[in-house]
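Asks: Could you have a look at this structure, given as C-alpha cells, before my questions?
Please treat every number below as a calculation from the coordinates, not as lab data. Treat the numbers as computed from the prediction; the structure is a model and nothing was measured. Note that we place each Cβ from the backbone using ideal geometry, even for glycine, and neighbour counts take in every protein chain shown.
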Amino acid sequence: MIGQCKKVGILWGGGLGDLLMIRPLLMALHRDPETKSYLLTSASHATQLFDEFCSPTEVIQLSRRIRRLLPAIKKWRGFFDLIYLGPYPTFKTRILGHLLAPKILWSKHNTGSAPFLLEQVLADINAIGLENTVEHIEFSSFLPWNVTQRSSLPSKKGPILVLHPGTKEGWTTKSWPIEKWTMLIGRVLEKTSFSLCILGSRTEKLQIDAMIESIPKPFNQRINVCLSWPLQNVIPLIAESAGVVCHNSGILHISTLLKKKTVCITGSSAEYWRPHYPWIANVTSKTCGLACNMYRCPIPFFHAKCIRKIDVDDVWERMMDHFKDEVT
C-alpha cells in the first residue's frame, strides 16, 4: 500500500508519550526516500521534542481555535495520500481527518495485537507495508538519544531507584497525593539500600524540597534531585538504575522502551496507555474502572479516587515483589 502513498500525514499529539509511541512509524517512513511525511498536531509546547523525534518529518502545528484552523484545513485539504489517525482517535481527530479529505484515512484496531498503543502502531506499520516484520525489535532503538552514554549523576552507595512524583499541571487524575509519595520515600530509605533520584521540573522544586525536608536527616544523603534534566541525560540515568517508580507519563514510556523494571502508580490512564510487558507493574486502586484518560475526574464527588485511593502499602508491596532481585 505504501507504494501509492507518497505523502503521509499523521494526526497526533505532541507530548513525550505521544511521540514515543509514534516514533516507530516515523522511523519507518524515513527509511523510504520517496515518501514525504508530515506530523499534524495542535501541541505548541514541544518544539525541541519535535526537532529530536520528527526530523525529517515536517511538523505542521494546527491551532485549537476553529477560526485559525479553517485556513489550514483549506490549505491541506486533498493534499495527503494517507492520513494516519492511529487505533484510538478522539471524535475531534476523526472529524479533522475527514475534513482534510485524504485518499486513505487510516484508523484500525488490530485485534490480533495487545491494546497497548505501541503494539498497535507496530501492527499498523506492517499492515501499511512499511515493514515485513516487527519481531526481534529492540525497543530502545526508537529513542532518538544515545542510550549507551554514562549518566552524570554523582556516584552513590547502593543501587539507584528513579522516582518521578510530578505530573503535568492540572492532571489531577494522575497525581498521587504528595504525602503518600513522602511516606513511600521514607519507607524505601529506611528499609532498603536504594539511593533515590527524584526527577521533576523546576516548577516542582518547592514541593520536592518539602518532601525531602520531612525525611530524617541521615537519609537525605541518599537522595539526588534532578530538576528539568534534558531527556538525553535522563535516558542513561534510567538505563543505569535499578528501576523506576512513576505515574503514567513520558518517563514511564521511556523506561518501557529501555525494558527497565518499573512500578507505575496508575490512575485514570486508559488501557491502551498501560504497558503490558512483564517489566512493568501497574498499581491501581480498583475503585474506578472508567479509565477515562481525562485531566479531571468526570464523576461528581469522586475527586479522582482512582489515584487518591491507592495505598502506600499497595505500592510498597508491589515494589518489593517487582524489585526483589535488586533489594538488599
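Asks: In the chain, what is the volume of the convex hull around the alpha carbon atoms, normalised per residue and reported in Å³?
Replies: 144 Å³
Asks: Amide H to amide H, which residues 5 or more places from Leu39 or on other chains are under 5 Å from it, using H placed in the peptide plane?
Replies: Ile10, Glu58, Val59, Ile60
Asks: Once you place label points 7 Å from the Cα toward the Cβ at Leu227 and Thr287, how far apart are they in nm?
Replies: For the pair Leu227/Thr287, the computed spacing is 3.1 nm.
Asks: Check which residues have an amide H placed less than 5 Å from Ile198's amide H, if you skip close sequence neighbours.
Replies: Those qualifying (amide H under 5 Å, at least 5 residues apart or on another chain) are Leu163, Asn224, Val225, Cys226.
Asks: Distance in nm between label sites at His276 and Phe301, each 7 Å beyond Cα in the beta-carbon direction?
Replies: 3.6 nm
Asks: If you don't mind, there's one more thing I want to ask. Across the Cα atoms of the range 225-311, what radius of gyration and what greatest pairwise Cα-Cα distance (Dmax) are found, in Å?
Replies: 14.1, 43
Asks: Kirkwood hydrodynamic radius, the range 2-137, all distinct C-alpha pairs: what's the number in Å?
Replies: This gives a value of 15.1 Å.
Asks: May I ask for the distance between the Cα centers of the range 272-328 and the range 36-66, given as a whole number of Å?
Replies: Computed from Cα coordinates, the inter-centre distance equals 31 Å.
Asks: Highest mean first, how do 11-21, 51-61 rank when packing is the count of other Cβ atoms within 10 Å averaged over residues?
Replies: For the peptides 11-21, 51-61, the packing ranking is 11-21, 51-61.
Asks: Just need log10 I(q)/I(0) for the range 9-83 at q = 0.13, 0.19, 0.21, 0.26 Å⁻¹, Debye formula, equal scatterers on the alpha-carbon atoms, no solvent, rounded to two decimals.
Replies: Here log10 of I(q) over I(0) equals -0.38, -0.80, -0.95, -1.30.
Asks: Would you list, by chain and number, the lysines whose Cα falls below 28 Å from the Cα of Lys324, excluding same-chain residues fewer than 8 positions away?
Replies: Within the straight-line limit of under 28 Å, Lys324 reaches these lysines: Lys156, Lys157, Lys174, Lys180, Lys191, Lys217, Lys259, Lys260, Lys261, Lys286, Lys309.
Asks: Rank these for me by crowding, His98, His322, His253, going from fewest to most other beta carbons within 10 Å.
Replies: With the fewest neighbours first, His98, His322, His253 line up as His98, His322, His253.
Asks: Given the Cα-Cα distance of Tyr88 and Asn146 and 0.36 nm per residue of separation, how much length would full extension add, in nm?
Replies: Using 0.36 nm per residue and subtracting the Cα-Cα distance, I get 17.8 nm.
Asks: Right, next: Please arrange Ile223, Ile83, Ile185 by counting, for each residue, the other beta carbons lying within 10 Å of its beta carbon, fewest first.
Replies: Exposure proxy ranking, most exposed first: Ile223, Ile185, Ile83.
Asks: Right, something else. Please compute the modelled spin-label separation between Asp321 and Ile212, points set 7 Å along Cα→Cβ, answer in nm with one decimal.
Replies: If labels sit at Ile212 and Asp321, their model points lie 3.3 nm apart.
Asks: Also, I was wondering about something else. What is the gain in length, in nm to one decimal, between Ser193 and Lys7 on full extension, counting 0.36 nm per residue of separation less the C-alpha to C-alpha distance?
Replies: Stretched fully, the Ser193-Lys7 segment lengthens by 61.6 nm.
Asks: State the extension gain, in nm to one decimal, for the chain segment bounded by Ala101 and Gln61, taking 0.36 nm per residue of separation less the distance between their alpha-carbons.
Replies: 12.6 nm
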